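Q: After the structure tokens below, expect a handful of questions from me.
The values are calculated or read from the model by the stated rules, or taken from the named source; none is laboratory data. Remember, it's a predicted structure, so these values are computed and weren't measured experimentally. Neighbour counts run over all protein chains shown; Cβ positions are idealised from the backbone, glycine included.
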Amino acid sequence: MSTRNRVAIVIGASRGIGAFIAQRLSTDGYTVVVAARRLGNSTQATNVDFCAPTCTLQNVADEIKRRGGVASAVECDVADPTAIERLFEQALKTWGRVDAVVFNAGAIWWGPVKDTDYKRYSLLTTVNQNALYKTVQVALPLFTKQKHGRILVVSPPIYSRFFRGKTAYAMSKVAMTVLTHGLAMELEEFNSKNGLLDSQGLAITSLWPATAVQSAVTHVKQINPEFLRKPTIFADAVLGILNEPSSKVNGGAFIDEDYLREHKGITDFSHYQVVPGKEPARMMPRKFPSLLVEEQDDRGFAVAEGKSKPKL
């Protein structure tokens, strides 16, 4: 199916990576529904800076349309589960279908446990893992009915160094990747039963940047641009993943640079540099640990709640 017949929801798209993802999908023919907590006003400006702190969700939708794309903007506070339901309802009402969801919404707090009170911890879990879970719960019935659908989660591969100095944040983000790995096993079974392994099928994938990426936050904090890559690298990786056969990406936890190198054959990343000639240092490890065990296929006592339980 051509991407020109497809609709993607991008949650957390008011600026930065999310806005660039929406724009990149649009240039490939996707109709995009951009969502964020606040709609904001349209400045009517041309060539909107997606990394500017003043950029709004409405700016993003208007700029996509100005460049020839098709887009709509929907307010969605992901801390409210009913708002996520309304987002999908509005997308279906406006465009008649949903084929992909990119979950880029997130709360960020880096600090040791002793400095992270329960209120802040609760916000992290609500906006990150709980909102993603609700998004998946709303999307799955639709995707299984139509026998295709993609979910892309902005969350990291699981490795120990990620926990240091930001345990509460890491708990919420790693939980998102656990959902990716766990749901992928279920989707693999669904795809296999329905003969979808070599087609678009259903898939969920996590993706994380290799380096620091230019955003509204880096603008506000005045991060040296020599340390940053353009968000276009992440957006290019998102587009590539969404267009892959499900068997190649389902359950993957990729790094943007590594995915583009290994799956798209890109070896020169200089055009992603914010400052030409200045390659940012990589934040992520070069190699990640495998989470697989010898007993990977052992289902143990996996029985759905409410069904007959094994007797011990």
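Q: How many residues does the stretch 68-83 contain that are surrounded by 14 or more Cβ atoms within 10 Å (Cβ to Cβ) and either in contact (Cβ under 8 Å) with a residue 60 or more places away in the chain or in a loop (DSSP other than H, G, I, E, B) (or both)? So that I can check it myself, show each step before the final result.
A: Our first condition is that a residue be surrounded by 14 or more Cβ atoms within 10 Å (Cβ to Cβ); within the stretch 68-83, this holds for 69-81, 83.
Then keep just the ones that are either in contact (Cβ under 8 Å) with a residue 60 or more places away in the chain or in a loop (DSSP other than H, G, I, E, B) (or both); that gives 69-70, 76-80.
Number of matching residues: 7.
Q: Within the stretch 247-258, can one find any residue that is in contact (Cβ under 8 Å) with a residue 40 or more places away in the chain, in a loop (DSSP other than H, G, I, E, B) and either in contact with a helix residue (DSSP H, G or I) (Cβ under 7 Å, 6 or more places away or on another chain) or among the aromatic types (Phe, Trp, Tyr) (or both)?
A: Of the residues in the stretch 247-258, the ones in contact (Cβ under 8 Å) with a residue 40 or more places away in the chain are 247, 249-258.
Then drop every residue that is not in a loop (DSSP other than H, G, I, E, B), which leaves 250-252.
Now drop any that are not either in contact with a helix residue (DSSP H, G or I) (Cβ under 7 Å, 6 or more places away or on another chain) or among the aromatic types (Phe, Trp, Tyr) (or both), which leaves 250-251.
Yes.
Q: For GLY29, state whether it is at pLDDT 95 or above and either closer than 30 Å to GLN222 by Cα or part of a loop (DSSP other than H, G, I, E, B) (or both).
A: yes
Q: Same structure, new question: On the basis of being in a helix (DSSP H, G or I), free of Cβ contacts under 8 Å to residues at least 40 places away in the same chain and not aliphatic (A, V, I, L, M), does HIS263 make the cut?
A: Answer is yes for this residue.
Q: Which condition from (1) part of a helix (DSSP H, G or I); (2) out of contact with any Lys or Arg (no Cβ under 6 Å at 6 or more places or on another chain) is the one that ALA105 breaks?
A: (1)
Q: While we're here: Sort through LEU179, LEU196, LEU124 and tell me the only one that's buried (at least 17 other Cβ atoms within 10 Å of the Cβ), assigned to a loop (DSSP other than H, G, I, E, B) and aliphatic (A, V, I, L, M).
A: LEU196
Q: Return a yes/no flag: does the stretch 244-264 have any residue that is more than 20 Å from PRO157 (Cα to Cα), out of contact with any strand residue (DSSP E or B) (no Cβ under 8 Å at 6 or more places or on another chain) and modelled with pLDDT under 95.
A: The answer is yes, given that some residue of the stretch 244-264 is more than 20 Å from PRO157 (Cα to Cα), out of contact with any strand residue (DSSP E or B) (no Cβ under 8 Å at 6 or more places or on another chain) and modelled with pLDDT under 95.
Q: Something else: Here is a list of conditions, (1) touching a residue at least 24 places away in the same chain (Cβ under 8 Å); (2) part of a helix (DSSP H, G or I), and LYS93 meets all of them except one; can you say which number that is?
A: Going through the list (1) touching a residue at least 24 places away in the same chain (Cβ under 8 Å); (2) part of a helix (DSSP H, G or I), LYS93 breaks only (1).
Q: Okay, next question. Out of (1) small (Gly, Ala, Ser); (2) surrounded by 18 or more Cβ atoms within 10 Å (Cβ to Cβ); (3) assigned to a helix (DSSP H, G or I), the odd one out for ALA210 is which?
A: Looking at each condition in turn, ALA210 falls short on (3).
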